[in-house]
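Structure first, then comments.
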Amino acid sequence: MIGIDVVDLKDPTLKPRDRSHLRFISHRNENHNKFPERISDSQVYWIYWAAKEAVYKFHRLEDTFDPKLIEIQIQSVTSGPEVEITFKSEHAIGKVWIDDTKAIAIAYGLKSQPPIWELFDISNSKSSESAVLRELSVQYLSSNHEISVNFLDSKIPTLMDVKSKKTYAASLSHHKRYGAFATILDSGS
Amino acid sequence: MEKEAIRNELKDIIDPYVMEKELLGNLSDTMELINDLKINSANIVDIVLDIEEKYDIMIDDNSINQMNTVGEAIGVIEAKIAEK
């Protein structure tokens, strides 16, 4: 299984976040003090938010997303042009990348193959973000992994290999300028 | 404060977060903020902050997850106003 989330941090409707806003999304067991000073309070909020969304999608449930029920434990924080965080949750591990413009989180199984994922700029798309993202994802897999797939007509994103009919869990996320897609091709059934 | 007045004010609060404005034309209590009004989930906290400011109330940590629909959000606002 796989989950991905992207947040466009330049979305003008997002109010500034600080640590006080973690009260809305924190699991009771979380320790939010594992971050070096160079990570801003706003970034801490969005790291947890994106990680929790990704874990929620990983579980592929149709329940309402409740971030307070998802425990995220930060494993490592690495700084470069963008910050990379590794985390674990009860049934998943994952990574978050964050800079001044976006946060991206991916969650996948403890024993699964590394996911394939891609970030797209969908700011100029004319049709619905969801449709554009699905089309871009299919094109990406065809061009970069030489696999021809279609999305099944299901609420939870699922890919089907056109030839073998194997199905693969997939995850999609879009927010303003960005669209993101992830799958794990070796997990087909 | 009457429920209908809260509904109208809530409509104004969520308006900036609804991209497809025609969805606001048929606002009903059963409409889900994320699935039906297509509000990005990242904005739910923004809506809560707007509600807190508008009504000078404090939405407690757990109530945010009881505001999935328009009707539920109105219910939480009514309850918090009554507690003041």
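Read the figures in this text as sums done on the coordinates, not as results from a lab. Small disclaimer: the values here were computed from a predicted structure and weren't measured. So basically every Cβ, Gly included, is an ideal-geometry build from the backbone, and we count neighbours across all protein chains shown.
Can you run phi through the Karplus equation (6.51, -1.76, 1.60; θ = phi - 60°) for segment A:88-103 and list ³J(HN,Hα) in whole Hz, with x for Gly and Pro?
For segment A:88-103, the Karplus-derived couplings read 9, 10, 4, 10, 9, 10, x, 9, 10, 10, 9, 9, 6, 10, 7, 10 Hz, x marking Gly and Pro.
Is there a simple number for the mean count of other chain Cβ atoms within 10 Å of the Cβ of residues in B:38-50, and what is it?
Mean number of neighbouring Cβ atoms from other chains: 6.
Let me check I have the definition right: for segment A:76-184, take the eigenvalues of the Cα gyration tensor, multiply each by 5, take square roots. What are those semi-axes in whole Å, largest first? Don't skip to the answer; put the middle values down first.
Working: eigenvalues 116, 73, 28 Å².
Working through the eigenvalues yields semi-axes of 24, 19, 12 Å.
State, as an integer percentage, the relative contact order of segment B:14-84 based on alpha-carbon contacts under 8 Å between residues 6 or more apart.
This gives 33 percent for segment B:14-84.
Just to check I understand the Karplus step: with θ = phi - 60° and J = 6.51 cos²θ - 1.76 cosθ + 1.60, what whole-Hz values come out for segment A:162-176, glycine and proline as x?
4, 7, 7, 6, 5, 10, 9, 5, 9, 9, 10, 8, 9, 7, 6
Cross-link candidates for A:LYS155: which lysines have Cα within less than 24 Å, leaving aside residues fewer than 8 places away along the same chain?
Candidates past the 8-residue exclusion: A:LYS52, A:LYS57, A:LYS68, A:LYS126, A:LYS163, A:LYS165, A:LYS166, A:LYS176, B:LYS21, B:LYS38.
Using only the Cα atoms of the protein assembly as shown, what do you get for the radius of gyration and for Dmax, in Å?
19.2, 63
Looking at B:TYR17, B:TYR55, B:ASN43, which one has the Cα that reaches farthest to the positive end of the dipole of chain B (charges on Cβ: Lys, Arg +1; Asp, Glu -1)?
Toward the positive end, the furthest listed residue is B:TYR17.
For each of A:ILE2, B:ILE39, count neighbouring Cβ atoms within 10 Å of the residue's Cβ, then give the residues from fewest to most. Show your work: numbers first, answer last.
Details: A:ILE2 27, B:ILE39 21.
Ascending number of Cβ neighbours within 10 Å: B:ILE39, A:ILE2.
Which trypsin sites (Lys or Arg not before Pro) does segment A:112-177 hold that lie in a coil by DSSP with at most 12 other beta carbons within 10 Å?
Sites meeting the loop and neighbour criteria: A:LYS126, A:LYS155, A:LYS163, A:LYS165.
What does the charge dipole of chain B about its Cα centre add up to, to the nearest 20 debye, if the Cβ of each Lys and Arg holds +1 and the Cβ of each Asp and Glu holds -1?
Roughly 100 debye for chain B.
Could you please rank A:ASP11, A:ASP153, A:ASP99, placing first whichever residue has the fewest other Cβ atoms within 10 Å of its Cβ?
Placing the least packed residue first, the sequence is A:ASP153, A:ASP99, A:ASP11.
Kindly write out, for segment A:65-76 in residue order, the coupling ³J(HN,Hα) from the Karplus curve 6.51 cos²θ - 1.76 cosθ + 1.60 (θ = phi - 60°), rounded to whole Hz, with x marking Gly and Pro.
5, 10, x, 5, 8, 9, 8, 10, 10, 6, 9, 7
How shielded is A:21-27 by partner chains, expressed as the average number of their Cβ atoms within 10 Å of its Cβ atoms?
Neighbouring Cβ atoms belonging to other protein chains average 4 per residue here.
Classify segment A:2-109 from the C-alpha gyration tensor, please: rounded if a/c falls under 1.5, else prolate or oblate depending on whether a/b exceeds b/c.
rounded
Name the residues whose placed amide hydrogens come within less than 5 Å of the amide hydrogen of A:VAL149, ignoring near sequence neighbours (fewer than 5 apart) on the same chain.
A:VAL162
Mean separation of Cα pairs under 8 Å and 6+ residues apart, divided by the residue count of segment A:7-134: what relative contact order is that in percent?
Values: 178 pairs, mean separation 29.3, N = 128.
Reported as a whole number, the value is 23 percent.
Amide H of A:LEU9: which non-local residues (sequence gap of 5 or more, or other chain) have their own amide H closer than 5 Å, using H built in the peptide plane?
Under 5 Å from the amide H of A:LEU9: A:LYS102, A:ALA103.
Counting pairs of alpha carbon atoms under 8 Å apart in space and at least six apart in sequence, what relative contact order in percent does segment A:116-187 give?
36 percent
Given the DSSP H assignment, sum -39500 (n - 2.57) over each helix run of at least 4 residues in chain A and divide by its residue total; what's the result at 222 nm in deg cm²/dmol, nearest 500? List each step's numbers first, then the result.
Working: 2 runs with 35 residues, N = 189.
After summing the helix terms and dividing by residue count, I get -6000 deg cm²/dmol.
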